[in-house]
Amino acid sequence: MSAGRVPAAAETAVVLVECQQGVLGEGSVLPDLRDASPGLLDAVARLADVARAAGAVVVHATYEGSYGAVDHGTAPLWRLLGPTTRAWAPGSHPTEILPGLRHPDDLVIPRHHGLCPGSGTELFPVLRGLGRRSVVLAGVSLNVALPLAAGEAVHNGFRVLVPRDAVAGTPAAYGEQVLRNTMSMLATVTSVAELAQAWGCLAETSDKAGDDSHSAVTRGMEP
């Protein structure tokens, strides 16, 4: 991908969807999704570091429970998730952002209803107010939340990019089909490395002892 196809970082928000303990952590309510996502969190952490270094805003779009709602809507997925997330609440362990992904400068925009991080939430109005006109979607999942978010974003006039190595679905082969046949119709499908190159950043995995961060980023020199 050429740099010209990537919007400036200063006009971009990187939205990390449901990268939280109850979804991708040890106590996941969707263990098949968690297990189908090897390497995902390393890629998401590199993406977040690249974004911060380049001047993009990083947003954590989390699900923080339904405040005890008994009617979650008609989606069959809620027949599974409604009971298993009943105890979720702001500040509870399942809603915590996974270690190594959060920075003090990041924004956290939770939702308490629905399956889409952008529908009926403050996400897109906040990004518009910050002057961000492009959205990079990462996290999970390609089954439901990410396609819904991409559709909602373009409906609201945002340009959308999806780094293929920083998203996941289950089964993995289906996730690839969604990228190829659905996301490519709504967004520019790219990679973390391509974004880093376009934004003049170099991302390297860091395994420093005692440091729970997944990656470190250094600014690159533009030719």
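The values are calculated or read from the model by the stated rules, or taken from the named source; none is laboratory data. The structure displayed is predicted, hence computed values, not measured ones. Note that we place each Cβ from the backbone using ideal geometry, even for glycine, and neighbour counts take in every protein chain shown. These accessible areas exclude ligands, DNA and RNA; they are computed on the full protein's heavy atoms, side chains included. Shrake-Rupley method; radii C 1.70, N 1.55, O 1.52, S 1.80 Å.
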Considering amide H positions built from the backbone, and no H for Pro or chain starts, which residues 5 or more places from T188, or on another chain, come under 5 Å of its amide H?
-> V160, L161, V162
5 angstrom amide H check on V167, placed H, neighbours 5+ away = G139
If ligands, DNA and RNA are left out, what is the accessible area of L24 with a 1.4 Å probe, given in Å² to the nearest 10?
-> 20
Of the beta bridges DSSP finds with both residues in the chain, what % are antiparallel, to the nearest 5?
-> 20
Using θ = phi - 60° and the Karplus form 6.51 cos²θ - 1.76 cosθ + 1.60, what ³J(HN,Hα) does each residue of the stretch 92-98 get, whole Hz, x for Gly and Pro?
-> 7, 4, x, 8, 5, 5, 5
Residue-normalised value, i.e. accessible area per residue, for the stretch 10-88 at 1.4 Å probe, in Å², stands at 40
Expressed as a percent, the accessible surface of the chain that is carbon or sulfur, using a 1.4 Å probe and the full set of protein chains, is 53
Give a residue-ordered list of calculated ³J(HN,Hα) values for the stretch 101-118 (Karplus: 6.51 cos²θ - 1.76 cosθ + 1.60, θ = phi - 60°; whole Hz; x for Gly, Pro).
-> 9, 9, 10, x, 7, 6, 9, 10, 10, x, 10, 10, 7, x, 10, 10, x, x
Can you pull the three principal axis extents for the Cα set of the stretch 45-127, in Å, largest first?
-> 42, 27, 19
At 25 °C in a medium of viscosity 0.890 mPa s, the stretch 1-108 has a Stokes-Einstein diffusion coefficient, with Rh taken as the Kirkwood radius over alpha carbon pairs, in µm² per second, of 160
What are the ³J(HN,Hα) values, in whole Hz, obtained from phi via the Karplus relation 6.51 cos²θ - 1.76 cosθ + 1.60 with θ = phi - 60°, for each residue of the stretch 177-185 in sequence order, with x given for Gly and Pro?
-> 5, 5, 4, 6, 10, 10, 4, 5, 7
If amide H atoms are modeled at 1.01 Å from N in the peptide plane, then the residues at a separation of 5 or more from V108, or on another chain, having amide H under 5 Å from its own are H60
The chain: equivalent-ellipsoid semi-axes (sqrt of 5 x gyration tensor eigenvalues, Cα, Å) = 27, 19, 17
Within the set of other residues whose C-beta is less than 14 Å from the C-beta of P38, count the net charge using Lys and Arg as +1 and Asp and Glu as -1.
-> -3
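So what is the accessible area of the stretch 141-186 per residue, in Å², with the probe set to 1.4 Å?
Accessible surface, normalised per residue, equals 45 Å².
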Using just the helices of the chain, give the 222 nm mean residue ellipticity in deg cm²/dmol: DSSP H runs with n ≥ 4 each add -39,500 (n - 2.57), and the total is spread over all residues, rounded to 500.
-> -7500 deg cm²/dmol
Report the full-extension gain for the segment D35 to A75: residue separation times 0.36 nm, less the Cα-Cα distance, to one decimal in nm.
-> 12.1 nm
